[in-house]
Amino acid sequence: MKLLILVALFGLSVAQHNPQYKHGRTSIVHLFEWRWADIAEECERYLAPNGFGGIQISPPNDHIILNDPWRPWYQRYQPIGYNLCSRSGSEAELKDMITRCNNVGVNIYVDVVINHMCGAGGGAGTHSSCGSYFNANNKDFPTVPYSAWDFNDGKCYTGSGNIDNYNDINQVRNCRLVGLLDLALEKDYARSKVVDFMNKLIDLGVAGFRVDACKHMWPGDLQVMYGKLKDLNTKWFSSGSRPFIYQEVIDLGGEPITASEYTGLGRVTEFKYGAKLGTVFRKWNNEKLRYLVNWGEGWGMMSSGNALVFVDNHDNQRGHGAGGASILTFWDPRLYKMAVGFMLAHPYGVTRVMSSFRWDRNFVNGVDKNDWIGPPSYSDGSTKPVPINPDSTCGDGWVCEHRWRQIRNMVIFRNVVEGQQLSLWWDNGNNQIAFSRGDRGFIVINNDDWDLDETLNTGLPNGTYCDVISGQKEGTSCTGKQVTVGGDGRAHFKISSQEEDPFVAIHINTKL
Ligand code: ZXY
Ligand code: CA
């Protein structure tokens with residue numbers, strides 16, 4: 001009997017680690033602050049044709065509208081209620097987007113903010129994205145409804161009511177995160193409101209959730225709520241499919257709360273991944289690419305089956321937050337493309353690609369004073385659409401890293417090599433590395449200040465292959481470099497350290 005219960009629990013939790021991808025797809029793209037109408041178009045015209053598995057969308061529910069600073073990106077992390085109108089659009093637009101993305105096999109994962117509501121200083125009135133009345137001063141959120149009963153203040157013993165000391169786990173979970181009203185998730189009532197909100201999204205067809213600020217919630221409370229989630233909508237998912245859950249826990253070591261407290265419940269964001277990868281590609285502390293030979297668990301990260309990995313996220317791409325200055329972003333495009341290329345070639349974890357908007361940076365003493373700036377918007381504060389240029393890049397301040405040829409083609413590479421072992425590792429003892437994924441794909445990276453000129457065993461069948469970094473296979477021709485693999489699997493690679501993209505990747509579907 002005990003064994004049966006254990007098997008049942010294990011089965012459930014492992015199910016929640018599964019992204020429920022369609023058609024052998026393997027990556028998530030975070031379309032940060034995109035409007036639902038633009039996401040629906042992007043699913044049909046770009047993401048499905050290029051093999052993206054799913055999208056992380058910004059929080060879809062009612063959120064505060066802030067004037068000072070003006071409409072910052074983080075206002076969406078201050079909920080007012082669970083009605084589905086946000087800066088990205090209405091409930092009807094959300095529903096249309098989920099349907100259209102599902103119809104082309106692209107999953108939707110919703111960023112859910114359930115630890116807190118808006119700041120205690122959020123005032124009273126109707127300045128919310130749904131235009132609904134709330135009063136943060138007396139903890140009144142009538143559309144849920146939540147009242148003072150539903151918040152944690154009685155269990156927080158700091159003088160300020162805020163988290164003052166991250167070494168005290170009771171403070172971290174029962175006090176206010178930077179003044180945000182902290183929900184009492186040990187109570188059935190608050191739990192039921194959160195579960196109803198998430199189940200409504202499941203009914204609409206979403207495939208799972210990115211759960212915000214999990215460090216600040218008790219794992220036992222999360223376990224109960226996750227257990228009450230419905231199976232996925234059988235219009236698009238096979239019956240009995242569990243929602244995919246990945247939990248944001250910022251654990252770089254040094255705090256009493258660790259990611260491992262949450263890995264039994266779902267996947268967890270592995271923040272060490274981007275922080276350490278940035279250090280290696282930047283060659284800080286004399287780090288070298290060759291050290292990546294045991295990348296993953298060998299570097300003190302959680303097990304691959306528990307990890308959600310990324311080079312940068314919406315928070316740490318802003319220069320502070322987890323990982324600090326080592327984090328690579330679109331602002332360092334040359335190293336960024338290499339690091340994202342390495343991530344997508346390497347078998348560790350479920351991979352997430354960032355898709356950002358640009359903002360005017362303003363560094364004062366090394367700190368960006370404009371790190372709060374929200375998405376490209378009109379003077380009335382509404383978010384601008386994402387225009388697509390004739391060359392397939394995005395305009396109006398939308399960066400669209402996921403459309404960069406090198407990144408998009410490596411998303412496809414990962415699909416092609418899925419399930420294949422990392423093998424045939426080669427390095428020059430320094431910053432030149434190469435490895436294969438079984439007999440289906442091969443990548444070579446030169447991050448040294450001198451040229452790479454080597455004949456390497458690729459593990460691929462003989463033939464001529466088209467490099468997907470400098471170009472790609474189009475019909476029967478190749479717009480990039482060509483690589484000739486002999487009958488012994490060996491091929492010659494020459495990568496100048498001066499190249500804009502000093503790496504090469506080939507896979508069996510690029511054989512000419
Ligand atoms: N904000 C600015 C001003 C207000 C928002 C700031 O200086 N915040 C203090 C340092 C960052 O702390 C926050 C963390 O998580 C959040 C925060 C937040 C989650 C939210 C909403 C928030 O402020 O406002 O839903 C946080 C939590 C940790 C940790 C580090 C940081 O180890 O456990 C920000 C906003 C950051 O910088 C933010 C917002 C949403 C996120 C996130 C960070 O999902 O990861
Ligand atoms: Ca809390």
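Please verify whether segment 141-160 includes one or more residues that are closer than 30 Å to Gly240 by Cα, away from ligand 1 (no atom under 16 Å from the Cβ), modelled with pLDDT of 95 or more and in contact with a helix residue (DSSP H, G or I) (Cβ under 7 Å, 6 or more places away or on another chain).
Taking segment 141-160 and keeping what is closer than 30 Å to Gly240 by Cα, we get 144.
Pick out the ones that are also away from ligand 1 (no atom under 16 Å from the Cβ) and you get 144.
Then drop every residue that is not modelled with pLDDT of 95 or more, which leaves 144.
Filter once more, keeping what is in contact with a helix residue (DSSP H, G or I) (Cβ under 7 Å, 6 or more places away or on another chain): 144.
So far as segment 141-160 goes, yes, one or more of its residues are closer than 30 Å to Gly240 by Cα, away from ligand 1 (no atom under 16 Å from the Cβ), modelled with pLDDT of 95 or more and in contact with a helix residue (DSSP H, G or I) (Cβ under 7 Å, 6 or more places away or on another chain).
Within segment 161-203, being under 26 Å from Gly240 (Cβ atoms) and polar (S, T, N, Q) holds for Ser192, Asn199. Segment 369-482 holds strands (runs of 3 or more DSSP E) entirely within its bounds, and those carrying 2 or more residues that are polar (S, T, N, Q) and under 27 Å from Val280 (Cα atoms) map to 432-437, 452-457.
Evaluate the following for Gly381: is it in contact with a Phe, Trp or Tyr (Cβ under 8 Å, 6 or more places away or on another chain), within 15 Å of ligand 1 (Cβ to nearest atom), at positive phi and touching a residue at least 60 places away in the same chain (Cβ under 8 Å)?
Working: in contact with a Phe, Trp or Tyr (Cβ under 8 Å, 6 or more places away or on another chain): yes; within 15 Å of ligand 1 (Cβ to nearest atom): no; at positive phi: yes; touching a residue at least 60 places away in the same chain (Cβ under 8 Å): yes.
Spelling it out, it is not the case that Gly381 is in contact with a Phe, Trp or Tyr (Cβ under 8 Å, 6 or more places away or on another chain), within 15 Å of ligand 1 (Cβ to nearest atom), at positive phi and touching a residue at least 60 places away in the same chain (Cβ under 8 Å).
Among the numbered conditions (1) touching an Asp or Glu at 6+ places or on another chain (Cβ under 8 Å); (2) without any contact (Cβ under 8 Å) to a residue 24 or more places away in the chain; (3) within 16 Å of ligand 2 (Cβ to nearest atom), the only one that Asn170 does not meet is (1).
Please go through segment 195-219 and pick out each residue that is in a loop (DSSP other than H, G, I, E, B) and within 12 Å of ligand 2 (Cβ to nearest atom). Reasoning before the result, please.
At the first step, the residues of segment 195-219 found to be in a loop (DSSP other than H, G, I, E, B) are 205-207, 212-213, 217-218.
Selection gives Asp212, Ala213, Met217, Trp218.
Criterion applied to Asp62, Asp38, Asp68 was being more than 14 Å from ligand 1 (Cβ to nearest atom), over 30 Å from Val411 (Cα atoms) and out of contact with any Asp or Glu (no Cβ under 8 Å at 6 or more places or on another chain), and the one residue passing it is Asp62.
Of all residue pairs spaced 6 or more apart or on separate chains, those with beta-carbon atoms under 6 Å, a first member in segment 211-239 that is within 16 Å of ligand 1 (Cβ to nearest atom) and a second member that is open to solvent by 40 Å² or more (accessible area, probe 1.4 Å) and in a helix (DSSP H, G or I) are Pro219/Glu261.
Kindly establish whether Met302 is aliphatic (A, V, I, L, M) and either more than 23 Å from Asp427 (Cα to Cα) or open to solvent by 10 Å² or more (accessible area, probe 1.4 Å) (or both). Don't jump to the end; show me each part of the working.
Details: aliphatic (A, V, I, L, M): yes; either more than 23 Å from Asp427 (Cα to Cα) or open to solvent by 10 Å² or more (accessible area, probe 1.4 Å) (or both): yes.
It is true that Met302 is aliphatic (A, V, I, L, M) and either more than 23 Å from Asp427 (Cα to Cα) or open to solvent by 10 Å² or more (accessible area, probe 1.4 Å) (or both).
Listed by first and then second residue, the pairs linking a residue in segment 308-326 that is over 16 Å from Thr351 (Cα atoms) and open to solvent by less than 20 Å² (accessible area, probe 1.4 Å) to a residue that is within 12 Å of ligand 1 (Cβ to nearest atom) and of a type in the set (Asp, Glu), with Cβ atoms under 8 Å apart and 6 or more places separating them unless they lie on different chains, are Arg318/Asp368; Arg318/Asp371; Ala322/Asp315. Taking the listed residues Gly179, Gly122, the one that is more than 26 Å from the chain's Cα centre (by Cα), within 14 Å of ligand 1 (Cβ to nearest atom) and closer than 28 Å to Leu31 by Cα is Gly122, with no other qualifying.
Would you check if Val178 is closer than 26 Å to Leu252 by Cβ, in a helix (DSSP H, G or I), open to solvent by 20 Å² or more (accessible area, probe 1.4 Å) and touching a residue at least 40 places away in the same chain (Cβ under 8 Å)?
Details: closer than 26 Å to Leu252 by Cβ: yes; in a helix (DSSP H, G or I): yes; open to solvent by 20 Å² or more (accessible area, probe 1.4 Å): yes; touching a residue at least 40 places away in the same chain (Cβ under 8 Å): yes.
Yes: the conditions hold for Val178.
Evaluation of Ile169 against the conditions (1) over 24 Å from Phe141 (Cα atoms); (2) more than 16 Å from ligand 1 (Cβ to nearest atom); (3) of a type in the set (Val, Ile, Thr) shows that the sole unmet condition is (2).
Rundown of residues vs (1) surrounded by fewer than 24 Cβ atoms within 10 Å (Cβ to Cβ); (2) of a type outside the set (Asp, Glu); (3) in contact with a Lys or Arg (Cβ under 8 Å, 6 or more places away or on another chain), yes/no style:
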{"residue": "Pro390", "(1), (2), (3)": "yes, yes, no"}
{"residue": "Cys394", "(1), (2), (3)": "yes, yes, yes"}
{"residue": "Glu418", "(1), (2), (3)": "yes, no, no"}
{"residue": "Ser423", "(1), (2), (3)": "yes, yes, yes"}
{"residue": "Arg440", "(1), (2), (3)": "yes, yes, no"}
{"residue": "Val444", "(1), (2), (3)": "no, yes, no"}
{"residue": "Gly459", "(1), (2), (3)": "yes, yes, no"}
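The values are calculated or read from the model by the stated rules, or taken from the named source; none is laboratory data. The structure displayed is predicted, hence computed values, not measured ones. A quick note on method: Cβ atoms are made from the backbone with ideal geometry, for glycine too, and the neighbour counts reach across all protein chains shown. The accessibility values were calculated without ligands, DNA or RNA, using every heavy atom of the protein model including side chains. Shrake-Rupley method; radii C 1.70, N 1.55, O 1.52, S 1.80 Å.
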